[in-house]
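Nothing in this text is a laboratory measurement; each read-out follows from the coordinates by a stated rule. On a predicted model such as this, the values are computed, not experimentally measured, just so you know. Note that each Cβ is placed from the backbone with ideal geometry, even for glycine, and that neighbours are counted across all protein chains shown.
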Amino acid sequence: MSELSFEQMLDESFKTIRNGEVVEGTVIGVKEDEIILNIGYKADGIISRNEYSNDSNLDLTTVVSVGDTMEAKVLKVNDGEGQVLLTYKRLAAEKGNKRLEEAFENKEVLTAKVTQVLDGGLSVLVEDARVFIPASLVSDSYEKDLTKYQDQEIEFVITEFNPRRRRIIGDRKQLLAAKKAEMQKELFAKIQAGDVVEGTIKNVTDFGAFVDLGGADGLLHISEMSWGRVENPKKVFKAGEKIKVLIKDINGDKIALSLKFEDQNPWLHAAEKYAAGNVVEGKIARMTDFGAFIELEPGVDALLHVSQISRAHVEKPSDVLAVGQVVTAKVVDFNGEDKKISLSMKVLEPATEETAEAETTEA
C-alpha cells in the first residue's frame, strides 16, 4: 500500500464542501468590504460586501467583529485563487422566504420596518426577505403621500407568495379594515342619541365636518355647528382638531352630530334679555326689500322692518343700511314660541316737525 503524502493527509483532515452548502465559520478577519471566515476547510471563506448586504456603502467593520460566528452559503468552492466564495445575504433571504411562506400559509400577522418608500407602495424586510405592499393595500383610505411610513414598523399579512417570480405581496389594508369593523361594533354598542362624546375632526367640507369617533365617523353638518350662523366650516375647524360633540341621531351606520348643546341655547334667556321695550344692539346679518335681519347674538335674529328703520321715508333697507353694520334699536314685540323678535330704530329717533307731519299724513 502506497503511503499518503503530507499534502494528501492534510487535505483529508479537512471537511469537504460543495457549492450551495450551508457552512458555519468564525470570523478571522474583517475589512470595510470583505469578511474572512475560518470554515474548517483547507481554504478560508470570503464574503464580499455585495454578498453581505444590498447596501453598497455599508462598512462591514461596523457589523462584524473578529471572533464572531456566522452561517453562510457556498457560492463557489474555488474562486481561482484558492478561496471559497460565500454569501450571507442570499442565505438570509432564503431563511426569510421560508419564514414568509409559513406566515402566508398560517395567515400570520407580521410586523416589520419600512425600508423603502416607492412610487407604487412600500418595501419591508422580514429576516432579509423583501415584501412589497402596494399603495392600494397600505391603508383603508386613499393616501397620496406615503413618505410618513419610512422607517416605521407596520403590521401586515402576506396575501401572495411567489419567490420564484420575486413576487411577495403584503396587505395592511385588511388588518385596518378588520380593526375598524371591531371598533365600530364596540362604538355602536355603547353610544346613543343624546350622548356627548369626544372625537377628532377627520375632514372639513363646504357642508360640514366628518368627525372620527373611534370606530366610525359622524357628520357635523354646517347647520349644527353653532347656534349662530357659520358661513364657511373650513374657517372654523381644522383636520386633526379634538372636539366634543353631541350625538343628535343614529340611523343605521350613520351618525348625525351637533354642537348645539341645549344648555347653551340662546333662546333660554331671550325673553328677559329681549323683552318688549328693551333697547338692544346688534349687527345686520342680511337684508331683503321688506327689512333687515339683525343678529342680536349667535342664534338670535330679529326683524327690523323697512317701515321701522327711520321716521323719514326709506324705500329699501339697503339705501340706508349695510350688512355688517352695528345698529341700536328698541324691541317692539317678542314672540318666544315662534322665536320672532321685532325691532324699531324709528322710535328711538326724536320727532321733528317735518317727520311728525309726515307720520300724521301717513296715518
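The value of relative contact order for the stretch 138-244, using C-alpha pairs under 8 Å at least six residues apart, is 21 percent.
Of the residues Ala256, Ala43, Pro298, the one whose Cα sits farthest towards the positive end of the charge dipole of the chain is Ala43 (charges of +1 on Lys and Arg Cβ, -1 on Asp and Glu Cβ, taken about the Cα centre). Within the stretch 197-235, the GluC sites (Glu not before Pro) that combine a DSSP coil assignment with at most 16 other C-beta atoms in a 10 angstrom radius are Glu231. Once the Cα-Cα distance is subtracted from the 0.36 nm per residue extended length, the Asn251 to Thr200 segment shows a gain of 16.3 nm.
One chain, two ends: Ala177 and Gln264. Fully extended at 0.36 nm per residue, the span grows by 27.5 nm beyond their Cα-Cα distance. Compared with the dominant Cα axis of the chain, that is its longest principal axis, helix 89-106 is turned about 60°. Extension gain, Arg90 to Gln325: 0.36 nm times the residue separation minus the Cα-Cα distance gives 76.9 nm.
Helix 173-190 and the longest principal axis of the Cα set of the chain meet at an angle near 40°. For the stretch 60-79, backbone nitrogen atoms closer than 13 Å to the point 7 Å from Ser48 Cα along Cα-to-C-beta are found at 75-76, 79.
Modelled spin labels at Asn106 and Thr26, positioned 7 Å past Cα toward Cβ, are 3.5 nm from each other. Extending 7 Å from the Cα toward the beta-carbon at both Ser307 and Glu295 defines two label points whose distance is 2.9 nm. With the cut-off at under 19 Å, measuring from each backbone N in the stretch 255-299 to a point 7 Å along the Cα-to-Cβ line of Lys235 picks out 283-287, 293-299. Given the alternatives [x] 69; [y] 38; [z] 53, percent of Cα pairs over 28 Å apart as computed for this entry is given by [x]. Each part gets one Cα centre, and for the stretch 248-263 versus the stretch 57-95 those centres are 64 Å apart. Pairs over the 28 Å Cα-Cα cut-off, from the set Lys234/Lys273; Lys113/Lys180; Lys190/Lys242: Lys234/Lys273. Cross-link reach is defined here as a Cα-Cα straight distance under 16 Å, omitting same-chain residues fewer than 8 places apart; for Lys235 the lysines meeting it are Lys202. Taken over the stretch 156-254, the convex hull of the Cα atoms encloses 130 Å³ per residue.
Using +1 on the beta carbon of Lys and Arg, -1 on that of Asp and Glu, and nothing else charged, what's the dipole of the chain about the Cα centre, debye to 20? Roughly 620 debye, rounded to the nearest 20.
Using a simple spin-label model with pseudo-atoms 7 Å out from Cα toward Cβ, Arg286 and Glu186 lie 4.4 nm apart.
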